[in-house]
């Protein structure tokens, strides 16, 4: 079946601009996660949704970052007033249920470059 | 927060050789996961471990959940060129906590296989 999809695959934006990154989880998966991966590092947790609500947003670095999942399926990560330090690969993952043995399935990521 | 340390950071081996890598933590983990990431792709789950001492195989891959619950090991037998990539260990960010599914990752082991 279809895996997790993310769009766009690449996004180049100027410092100070607003960006939206989209994630389509695996059909039927109730839990959705966003991670950020910098070059040479492992993914770092940003936020996790159970259904429509953000169950844990403790990884969001500051209030410029916000994520929604209005219908419990597709999620959008929103970054305001982008900074060069926001440049990274943003990964989305989903799992059948929260926890679900912690077996999360990742999308290919969106590479964000802030110039 | 909890940190996972992977070693070695990188490995250069000949096709056909066996590979061993490990992951350690200063705190106890109840679950260990091993992921592989190819360039431009998201991490792919290889093996999940849920019980101390557990030994689990997936083809040529074998992973073990350390008895102390503070480490895990991944072995690859008879390596082939497509084994090239970055291998990450991961575990629940809050051992015994309520944020289900929030993972913390190691920094990765980069594997290069020479034909």
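Nothing in this text is a laboratory measurement; each read-out follows from the coordinates by a stated rule. Predicted model only: the values in this text are computed from it and were never measured. Methodologically, a virtual Cβ is constructed for each residue, glycine included, from the backbone with ideal geometry; neighbour enumeration extends over all protein chains shown.
Data overview
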| item | result |
| --- | --- |
| Inverse mean reciprocal Cα-Cα distance (Kirkwood Rh) of chain A, Å | 14.0 Å |
| Linear extension gain, residue B:78 paired with residue B:51, 0.36 nm per residue minus alpha-carbon span | 7.1 nm |
| Label-zone membership for the range A:61-93, site residue A:14, 7 angstrom Cα→C-beta point, backbone N under 15 Å | A:81-84 |
| Share antiparallel - DSSP beta bridges, the protein assembly as shown, percent rounded to 5 | 90 percent |
| Gain in span if fully extended, residue A:97 to residue A:115, counting 0.36 nm per residue against the direct Cα distance | 2.7 nm |
| Rg/Rh for chain B, where both radii come from Cα atoms and Rh is the Kirkwood radius | 0.97 |
| All Cα pairs of the protein assembly as shown, percent lying beyond 28 Å | 30 percent |
